[in-house]
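The values are calculated or read from the model by the stated rules, or taken from the named source; none is laboratory data. Here the structure is a predicted model, which is why all the values come from computation and not from measurement. Cβ sites come from the backbone with ideal geometry, for glycine too, and all protein chains shown count toward neighbours.
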Ligand SMILES: [Zn+2]
């Protein structure tokens, strides 16, 4: 068993979103050839989902969140950055407006998933590595004070986006300190990696078993992020191929 190196920002940087990345059919063929074992969530006592940006929780684990909440599991969403840096070249006042918009979008999306009060930490988008230690402390506090001894899901430490990786590292530190079970979910891996890619810890990968109902909730929730998917002045932040690919591959975590 090999240990995959963490930190894949150079891989993502070499394949920016102006390129379509790895197509869904390539992933589906790979996942069909070597199906991932599924994760048993029946013993999940509660879940804290940590997202680097407002939308990562929905894109990465939206159906899992909806399904767990519907089965009576307490799910808390912690949105770390304010999402203000999504539009390159925006003025400071445009960034402030975008942060407010994304906070509303997050509330709308998570309420569709069944989570009523997402926690927005409001840290500066694009600079989360600078706050990694403090974020680790905050997450440890959240995990420690939650009554249910929850599991913690966070963006993967090797996802290729500096903010996603910083959140993953901070969550890993918090989980090591509190004894919480850590699940890491990829978002941008589906863009820059490929099946059998040695940068991906496939031995730790588990597929979530999802109902059609929960996938439907995720689709509805994802539509709330207008600022990310609809063409603005500079075009949509997330190109049109992103969502269909995420829905095609389903939800996967690294244990
Ligand atoms: Zn993100």
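Taking the criterion of being surrounded by fewer than 24 Cβ atoms within 10 Å (Cβ to Cβ) and either touching a helix residue (DSSP H, G or I) at 6+ places or on another chain (Cβ under 9 Å) or more than 24 Å from residue 150 (Cβ to Cβ) (or both), the residues of region 52-72 that qualify are 69, 70.
A single member of 17, 28 is farther than 20 Å from residue 135 by Cβ, away from the ligand (no atom under 16 Å from the Cβ), more than 16 Å from the chain's Cα centre (by Cα) and touching a residue at least 12 places away in the same chain (Cβ under 8 Å), and it is 28.
Here is the figure for region 167-192: residues that are within 16 Å of the ligand (Cβ to nearest atom) and over 15 Å from residue 49 (Cα atoms) total 5. If the condition is being touching a residue at least 60 places away in the same chain (Cβ under 8 Å) and not in a loop (DSSP other than H, G, I, E, B), then region 80-100 contributes 80, 81, 98.
Here residue 84 fits the description: surrounded by 14 or more Cβ atoms within 10 Å (Cβ to Cβ), more than 28 Å from residue 147 (Cβ to Cβ) and within 16 Å of the ligand (Cβ to nearest atom). Of everything in region 37-58 that is closer than 16 Å to residue 214 by Cβ and part of a strand (DSSP E or B), the residue that is farthest from the ligand (Cβ to nearest atom) is 38. For residue 72, the test of being closer than 22 Å to residue 219 by Cα, at pLDDT 90 or above and in a loop (DSSP other than H, G, I, E, B) is passed.
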